Structures are given as C-alpha cells and as structure tokens.
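Trainee: Supplied in structure tokens, the structure appears directly below.
The values are calculated or read from the model by the stated rules, or taken from the named source; none is laboratory data. Not measured: the values here are computed from a predicted model. Counting neighbours? That spans all protein chains shown, and the Cβs are built from the backbone with ideal geometry, glycine included.
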Amino acid sequence: MNKKQGYFITFEGTEGSGKSTQIQEAAAFLRSLGHRLLILREPGGTRISEVIREILLSRRFNELRPEAELLLYLAARSQIVHEKILPALHQGYVVICDRYEDSTLAYQGYGRDFSLKMIDRISRFVRGQVVPDRTFLLDIAPEIGLKRGGRSDRMEKQSMKFHRKVRQGFLKLAQKNRRRFVVIDSSQARDKVSEIIRERLQRDLG
Ligand code: TMP
C-alpha cells in the first residue's frame with residue numbers, strides 16, 4: 001500500500017472554517033498549473049462511506065456511542081483510501097481531501113478524550129502509508145465558525161466546550177507536525193486566506 005506518485009493535500013478545521021470555499025479556490029489554481037485533480041470529502045467519497053456519513057451526521061442517530069463513532073469514521077476512511085485516494089495517487093493525481101486523519105485525532109482524540117496512541121494505531125491499520133503531504137489548518141474560534149456554518153448536524157450540535165477542545169487539538173497537532181501543517185487564521189478576509197494557500201501551493205507544486 002505504498003504511495004508512489006501524486007500529491008496529497010488535506011484541509012482541516014472546525015465547523016464553518018471556510019474549507020469548502022478554500023478548496024474550490026485551491027483547485028482552480030492547481031488546475032491552472034496543469035495538475036490533474038481529485039477532490040474528496042471525509043467522511044464520504046465512496047458509496048459505502050457516504051452511507052456511513054449519514055449515520056455519523058444525522059440527528060436521527062443521537063444514540064451513537066463514541067466508540068462506534070470513532071470506528072465508523074475509520075471504516076469510512078478505509079473505503080476512501082483504497083477505492084479512491086491510493087489509486088489516484090498512483091496515477092499521479094493531486095488529491096485534495098476535505099478532512100482526514102487529523103480530524104479523527106482532533107474530534108475523537110482531543111474532543112472525546114480517546115487515547116491518541118490508540119487512534120494512531122488503528123489509523124495506521126486503516127490507511128497504511130497514505131498520509132498527507134500538505135495540510136492546511138483553517139483556524140477560527142468555534143463561536144464564529146458555528147454561526148457561519150448554519151447547519152445543525154449531530155457533530156455541530158455538540159457543546160461549545162467540545163468544539164473548543166477540538167480547535168485546541170488541531171493547533172496541538174499542527175505544532176507536532178510543523179513541516180506538514182500550514183496554520184491560517186481563517187477569520188481574516190477570504191481572499192487573504194486564498195492568497196496564503198496559493199503561495200504555499202506554488203512552492204509545493206508550481
Ligand atoms: P463536515 O466535513 O461537513 O464538516 O462534516 C464532518 C463532521 O464530522 C465534522 O463535524 C467533523 C466530523 N469528523 C470527525 O469527528 N472525525 C473525523 O474523523 C472526520 C473525518 C470528521
């Protein structure tokens with residue numbers, strides 16, 4: 001399960017951090033440089049992972065146990081890695097994924113207090129060598145992000161305390177992986193955020 005060619009980019013952040021918009025902007029830029037792109041989201045991106053997403057996010061399933069939640073995120077990841085991400089990287093695509101393993105560490109690890117070591121072990125089992133080459137963390141206070149977001153799914157309606165722990169978790173992950181992460185203050189103007197991302201992508205892939 002080795003990653004051979006291609007380039008794997010992930011976008012991370014708490015709710016309403018502006019990932020979707022920035023992914024569209026980054027994709028347009030990378031296309032203009034002539035790269036072949038695959039854009040995905042997690043949980044989701046395959047037939048099975050989209051069904052799992054429905055279980056994870058629907059408020060119909062409020063009784064979902066935290067242990068089951070963790071395992072479902074990882075099950076969804078197993079499908080997308082093997083069905084989509086790895087084949088695309090082998091074919092030389094730039095793969096952009098809206099969330100990936102750092103979300104599991106931030107939400108289920110820091111947010112739900114599950115052991116980071118345990119998550120790391122199961123993650124390796126699930127995704128093998130497929131780790132991001134570059135991760136953009138769009139950082140924003142959850143109070144602002146949740147207002148922007150506008151949805152109200154099972155994860156978004158967790159307590160503010162939970163969302164604050166998740167945000168701090170992301171920042172700690174970024175500190176531990178300084179070479180991979182680019183942390184951007186996402187409360188600034190959207191164009192400014194895109195510009196920082198473009199500059200970095202130009203250096204990575206230009
Ligand atoms: P979103 O990508 O539309 O924001 O929805 C995904 C939700 O799932 C979001 O609240 C973050 C959460 N999530 C986790 O808790 N763990 C994970 O591993 C992933 C990928 C997402």
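Trainee: Within segment 154-171, count every residue that is more than 14 Å from Thr104 (Cα to Cα), of a type outside the set (D, E, K, R) and more than 12 Å from the ligand (Cβ to nearest atom).
Mentor: Qualifying residue count, segment 154-171: 2.
Trainee: Would it be correct to say that Gly109 is at pLDDT 95 or above and at positive phi?
Mentor: Spelling it out, it is not the case that Gly109 is at pLDDT 95 or above and at positive phi.
Trainee: I've got another one for you. I need the full set of residues from segment 124-181 which are part of a loop (DSSP other than H, G, I, E, B) and under 24 Å from Ser194 (Cβ atoms), in order please.
Mentor: Answer for segment 124-181, where residues must be part of a loop (DSSP other than H, G, I, E, B) and under 24 Å from Ser194 (Cβ atoms): Pro132, Asp133, Ile140, Ala141, Gly150, Arg151, Asn177, Arg178, Arg179, Arg180.
Listed here are the residues, each with its yes/no results for (1) of a type in the set (Asp, Glu); (2) within 11 Å of the ligand (Cβ to nearest atom); (3) modelled with pLDDT under 95; (4) crowded, with 19+ Cβ neighbours inside 10 Å.
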| position | (1), (2), (3), (4) |
| --- | --- |
| Asp102 | yes, yes, no, yes |
| Asp113 | yes, no, no, no |
| Arg124 | no, no, no, no |
| Val131 | no, no, no, no |
| Ile140 | no, no, no, yes |
| Gly149 | no, yes, yes, no |
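Trainee: Among the residues in segment 36-58, are any within 26 Å of Arg190 (Cα to Cα), more than 10 Å from the ligand (Cβ to nearest atom) and touching a residue at least 60 places away in the same chain (Cβ under 8 Å)?
Mentor: Within segment 36-58 (the criterion being within 26 Å of Arg190 (Cα to Cα), more than 10 Å from the ligand (Cβ to nearest atom) and touching a residue at least 60 places away in the same chain (Cβ under 8 Å)), the answer is no, since none of the residues qualifies.
Trainee: In addition: Of the residues Tyr107, Tyr93, which is within 13 Å of the ligand (Cβ to nearest atom), within 30 Å of Arg198 (Cβ to Cβ) and aromatic (Phe, Trp, Tyr)?
Mentor: Every option except Tyr107 fails the conditions.
Trainee: Residue under question is Ile55, and the condition is that it be over 25 Å from Asp133 (Cβ atoms) and either modelled with pLDDT of 95 or more or among the basic types (Lys, Arg) (or both); does it hold? Break it down stepwise before answering.
Mentor: Details: over 25 Å from Asp133 (Cβ atoms): yes; either modelled with pLDDT of 95 or more or among the basic types (Lys, Arg) (or both): yes.
Yes, satisfied.
Trainee: Another question, if that's okay. Which condition does Val126 not pass, out of (1) touching a residue at least 40 places away in the same chain (Cβ under 8 Å); (2) closer than 20 Å to Thr46 by Cα; (3) out of contact with any Leu (no Cβ under 9 Å at 6 or more places or on another chain); (4) not charged (D, E, K, R), if it passes all the others?
Mentor: Status for Val126: all satisfied but (3).
Trainee: Keeping to segment 156-197, report how many residues are of a type outside the set (A, V, I, L, M, F, W, C) and over 18 Å from the mean Cα position of the chain (by Cα).
Mentor: Residues that pass the stated criteria total 10.
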